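The values are calculated or read from the model by the stated rules, or taken from the named source; none is laboratory data. Note that the coordinates shown come from a computational prediction; the quantities given were computed from them, not determined experimentally. Here the Cβ positions follow ideal geometry from the backbone for every residue, glycine too, while neighbour counts run over all protein chains shown. Just so you know, the surface numbers come from the protein's heavy atoms only, side chains and all, with ligands and any DNA or RNA stripped out. Shrake-Rupley method; radii C 1.70, N 1.55, O 1.52, S 1.80 Å.
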Amino acid sequence: HRQQLLGRYGDLLSLVALLPVLGDLKFGAILRAQERAREARLSKAAEAASKAKKSEDKGSEKEKAKAKDKANKGKPDEVGKDKEKSQQKGKAEEAAAKQQPQQPQQLDATDQAKDEQPTASAPRAWSLLLLILAEVISCMQLLDPSDKQTRRAVGAVVRAQRAAQPGFAGAVKTFDRLLEDDDVYDLVRFAASFAGLSCLVLTTFLGLNNSDPLAVGAPLRAARQTLMTLLKALSAPRLWLSALLLATWGYSQWSSLAKLVKKSAVVEVVRLSPCLWRSIAAVGSALGQPTDGSLPKWAVLQSAAAAARVSRLLVFERVTWSAFFDFHGSHSATLASARCALLLEGFGVFAMLPHAGARKRYLLLTVLLVVPCWVLLFGGGPLTAHLEPMLEQAGARCGILMAVVALSLVFMGG
């Protein structure tokens with residue numbers, strides 16, 4: 001029960017981590033355009049207020065000058081001095097007015113430079129491709145025709161749909177009951193993760209994260225522009241020549257590659273490689289990126305998901321901490337895989353710490369998300385006795401949460 005709860009908790013965190021990044025890439029340009037328009041309106045209002053104040057000051061100065069002229073009648077020397085002072089002041093104002101138009105140009109240049117810089121920070125496209133590779137390897141049985149897991153999942157969905165009750169409450173109960181089946185759960189999780197990651201890859205690869213959909217106009221025009229950008233990106237000769245060379249080499253060495261793939265050791269290495277790809281993706285996404293935008297939220301949720309995956313592995317393999325840190329004892333394959341997973345996941349979390357600890361609230365949220373893993377992994381104690389029933393009740397609702405997040409990722413990812 002703890003193993004299943006930890007696994008579903010980690011899967012849920014991994015999927016939720018895609019939502020802030022996907023939302024920033026999809027709708028961040030619209031929000032930033034609205035923010036720039038609001039700042040432009042405020043600056044125009046401030047300029048109008050300053051001009052009105054200057055006109056009022058000039059009117060008061062004119063009235064003071066008239067009053068002074070009336071008071072200085074019959075004193076030609078003082079009147080001449082006042083005229084000289086007014087002429088000097090007018091020349092100084094003209095010189096300042098000639099130099100003043102250069103400032104708006106400089107401000108416009110700085111604003112243009114800011115607009116030209118990328119405004120949406122997101123994980124790099126190649127790191128997202130590695131995450132897709134890790135998900136595909138983790139769900140290899142879904143893509144294996146001999147396993148028939150996908151057929152079982154689709155059959156369970158069809159049977160549940162026929163027996164479903166009408167109405168929203170009936171649909172919710174059906175979803176909750178379906179996701180208790182491991183086959184359906186794996187299929188839904190893989191489809192949602194693949195949809196979200198694929199959308200992120202296409203968005204970052206085509207550079208659509210910095211485009212403003214409001215500036216394009218109609219949705220059909222935006223879709224046409226996206227399609228043209230995709231075709232332009234795919235028309236690169238280097239890409240097709242590299243693919244052709246790889247396909248030629250693979251066809252010529254097909255017999256040797258088939259023998260290599262059929263070996264059990266190679267299959268085992270591939271099966272254990274998702275931790276490596278996730279760690280490399282975390283390092284590539286975190287290093288050299290600004291600690292703002294949606295990346296800190298992504299780092300917080302991914303760090304908690306890594307802790308849940310390691311906790312699930314330790315519970316599944318029944319590894320105790322005394323045996324885990326006993327390097328002079330017996331060296332079994334189970335201990336070696338557990339240590340390797342802990343080191344790789346820990347390295348990825350360490351790389352994401354600058355983003356997860358960018359603000360105090362993010363660091364506190366990371367600790368709070370890791371607390372359920374600690375409770376389910378160690379157990380015992382008065383705190384665990386109070387928290388474990390709550391975690392079991394939350395785990396009973398984990399299926400419907402997974403369904404909501406999966407639908408959100410599929411619709412937002414397009």
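Output yes when any residue across segment 275-288 is in contact with a His (Cβ under 7 Å, 6 or more places away or on another chain) and part of a helix (DSSP H, G or I), and no when none is. Spell out how you get there, then give the answer.
To start, the set of residues in segment 275-288 that are in contact with a His (Cβ under 7 Å, 6 or more places away or on another chain) comprises 286.
Within this subset, residues satisfying the condition of being part of a helix (DSSP H, G or I) are 286.
Within segment 275-288 (the criterion being in contact with a His (Cβ under 7 Å, 6 or more places away or on another chain) and part of a helix (DSSP H, G or I)), the answer is yes, since at least one residue qualifies.
Counting only residues that are modelled with pLDDT of 75 or more, open to solvent by 40 Å² or more (accessible area, probe 1.4 Å) and in contact with a Leu (Cβ under 8 Å, 6 or more places away or on another chain), how many does segment 182-240 have?
Here the count works out to 3.
Out of curiosity, is Leu276 under 23 Å from Leu13 (Cα atoms) and open to solvent by less than 50 Å² (accessible area, probe 1.4 Å)?
Values: under 23 Å from Leu13 (Cα atoms): yes; open to solvent by less than 50 Å² (accessible area, probe 1.4 Å): no.
Judged against the criteria, Leu276 is not a match.
Contact list please: Cβ distance under 9 Å, first residue in segment 336-352 and more than 11 Å from Ser279 (Cα to Cα), second residue part of a helix (DSSP H, G or I) and of a type outside the set (Asp, Glu), pairs at least six apart or on different chains.
Correct list of pairs: Ser337/Leu313; Ala338/Val310; Ala338/Leu313; Ala338/Leu314; Ala338/Phe324; Arg339/Phe324; Cys340/Cys275; Cys340/Leu276.
Can you give me the number of residues within segment 162-173 that are within 20 Å of Arg397 (Cα to Cα), part of a helix (DSSP H, G or I) and either of a type outside the set (Gly, Ala, Ser) or open to solvent by less than 50 Å² (accessible area, probe 1.4 Å) (or both)? Quick ask: steps written out before the conclusion?
Step one: filter segment 162-173 for residues within 20 Å of Arg397 (Cα to Cα), giving 164-165, 167-173.
The next check asks that each one be part of a helix (DSSP H, G or I); those that pass are 168-173.
From what is left, the residues that are either of a type outside the set (Gly, Ala, Ser) or open to solvent by less than 50 Å² (accessible area, probe 1.4 Å) (or both) are 168, 170-173.
Result for segment 162-173: 5.
Take the residues in segment 1-35 that are farther than 30 Å from Pro389 by Cβ and among the charged types (D, E, K, R), then tell me which one is surrounded by the fewest Cβ atoms within 10 Å (Cβ to Cβ).
Glu35
Scan Ala120, Ala153 and give me the residue that is at pLDDT 80 or above and either crowded, with 17+ Cβ neighbours inside 10 Å or in contact with a helix residue (DSSP H, G or I) (Cβ under 6 Å, 6 or more places away or on another chain) (or both).
Only one candidate qualifies: Ala153.
If you take the residues in segment 289-313 that are in a helix (DSSP H, G or I) and among the small types (Gly, Ala, Ser), which one is nearest to the chain's Cα centre (by Cα)? Let's see the steps before the verdict.
First, pick out the residues of segment 289-313 that are in a helix (DSSP H, G or I): 295-313.
Cutting the leftovers down to among the small types (Gly, Ala, Ser) gives us 299, 303-308, 311.
Numbers: Ala299: 8, Ser303: 13, Ala304: 15, Ala305: 14, Ala306: 16, Ala307: 19, Ala308: 19, Ser311: 24 Å.
Looking at residues that are in a helix (DSSP H, G or I) and among the small types (Gly, Ala, Ser), I get Ala299.
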